[in-house]
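Here, each number is a calculation from the coordinates, and none is a lab measurement. If you're wondering where the values come from, they're calculated on a predicted model, not measured in any experiment. Because the Cβ atoms are built from the backbone with ideal geometry, glycine has one as well, and the counts that use them run over all protein chains shown.
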Amino acid sequence: MWATLDQVIDRLKQGRNVCVIGHAKPDGDAISSVAGLVAILERYGIAAAGCIADQLPWYYRSLPGTERISTPDKVRGQSFDTTVIVDSSDLSRIGGAEVLLGGAPPDITLDHHRTNEGFGKLDYCDSGSAATAMIVLEISRAMVPLDEELAQLLLLGIATDTGFFKFANADAEVLARAAELVQQGARLQPIASAVLEHRSLSTLKLLGRLFDTIQVREEGKLAYGWVSEGMLRETGCTDQDTEGFVGEIRALHEVEVAVLFVESPPGEVHVSLRSKSYVDVSEVAAALGGGGHARAAGCSLHVERLQEAVDQVVAAVAQAIRESS
Ligand code: 5GP
Ligand code: MN
C-alpha cells in the first residue's frame, strides 16, 4: 500500500528487530541504503541487521560501515518483527534474501524506480529521488543527528546513482544534500577511488575484448556490445568485473542508447540499458521483465544462446529509438 514517508518513519520506530534487505548484484545505492538505514536504526536504539543475497563486490568492503551487510545464511534463524526492502522495484530483485520474509510481504519498501508498482505492506517510492540513499537521508533527519560515519555511508549511494554527479538526475537538491554530507565529514575521494579505480589488469583486458564486439545501429544512436561466458573465463573475470562497462559504450559521441549484454552463468544474460537524453529505457526493460529508470535500466533473460538475447533486445531498442525521434 502506498504510504507517506512520515507513515514509513512511524512504522520504523515501532520496530524492535529490523531486517533491511537490498537487491542482489548490489550497486553503490543498494549498499549505501541498507548500511545507512541499519546505522540509523542502531543509533535510534533499534536492533537491525542488513542483508543482501550476493556478496558485495570486494572494492566496496574498504568503505567503513559496509560490514553491517551480511548474506541471508548469516541472519537466517534470527527473528525480525519488521522487514524493509530498499532500492528494489520488485520482490524478485532481492534474489535469495526472499527466504527472510517467510512468505509474507515486506513490512516496508523504500525505492526510487519508476517501474515500482508497490509490493509491501507500506510502500514509499519517489521516482524523483536521484537515489534511494536520498530517501534514507530524509529518514535520518527525522530520527537521529547526522554524524560522519552515517554521512559517509549515504554519500556512497548519492554519488554512485548520479554517476558521480554527472547524470541528468544530479540536480540542485542532490548537490545541496551532498554538500551537507561533506560538511558533516563525508569524503568523496575514498568512494571515487573504491568505485572507479579498482579495475585489475584482467578487467581492462576484458574491456578491450568488449570494445571488439561493439556494433552500431540506427545511424549511430544505438550501440551495443557483449561479454560472453567464454570471454569471462578466458580473461579470468567474473560478471562483477563488468560494472561500469556500459558507460564506456555510452561514451560514444552520437549514441542515444547503449546496451551491454553479460552472459553469466551460461544461459542467463543480464542486459544493461543506458540512454542519454530522450529514450525511456525503463519502458524497454519493463517490457522484457526488468525495470529501472528512464536513463538506466536492466533486465535478465534466459536464453540458449547469447545472440538470441542480443537480437531480441536490439530490435526492441531500435524500435524505441524510432518511436521517440
Ligand atoms: P544495471 O544495468 O546497472 O544492472 O541496472 C540499471 C538500473 O536498472 C538499476 O537501477 C537497476 O536497479 C535496474 N535493473 C537492472 N536489472 C534489473 C532487473 O532485472 N529488474 C529490474 N526490475 N530492474 C533492474
Ligand atoms: Mn538506486
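Below is a table of values for the structure above.
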quantity: 15 Å beta-carbon shell around Lys205, net charge (K/R +1, D/E -1); calculated: -1
quantity: Charge sum, other residues only, whose C-beta stays under 10 Å from Ile108's C-beta, Lys/Arg counted +1 and Asp/Glu -1; calculated: 0
quantity: Partners for Lys25 among lysines (Cα-Cα distance below 27 Å; same-chain residues under 8 apart left out); calculated: Lys74, Lys121, Lys166, Lys205, Lys276
quantity: The chain - Kirkwood radius from inverse mean 1/r over Cα pairs (Å); calculated: 20.1 Å
quantity: Average Cα contact separation per residue, the chain, under 8 Å, 6 or more apart, as relative contact order %; calculated: 13 percent
quantity: Listed peptides 265-272, 280-287 by packing density, highest first (mean Cβ within 10 Å); calculated: 280-287, 265-272
quantity: Computed [θ] at 222 nm, deg cm²/dmol, the chain (DSSP H ≥ 4; -39,500 (n - 2.57); rounded to nearest 500); calculated: -12000 deg cm²/dmol
quantity: Spin-label model distance (nm) - Ala251 vs Asp81, 7 Å beyond Cα toward Cβ; calculated: 5.2 nm
quantity: Segment 2-75 and segment 93-142: distance between their alpha carbon centers, rounded to Å; calculated: 11 Å
quantity: Formal net charge of residues neighbouring Gln240 (Cβ-Cβ distance under 12 Å; K, R +1; D, E -1); calculated: -3
quantity: Rh by Kirkwood over Cα pairs, then Stokes-Einstein D for segment 52-111 at 0.692 mPa s and 37 °C, µm²/s; calculated: 260 µm²/s
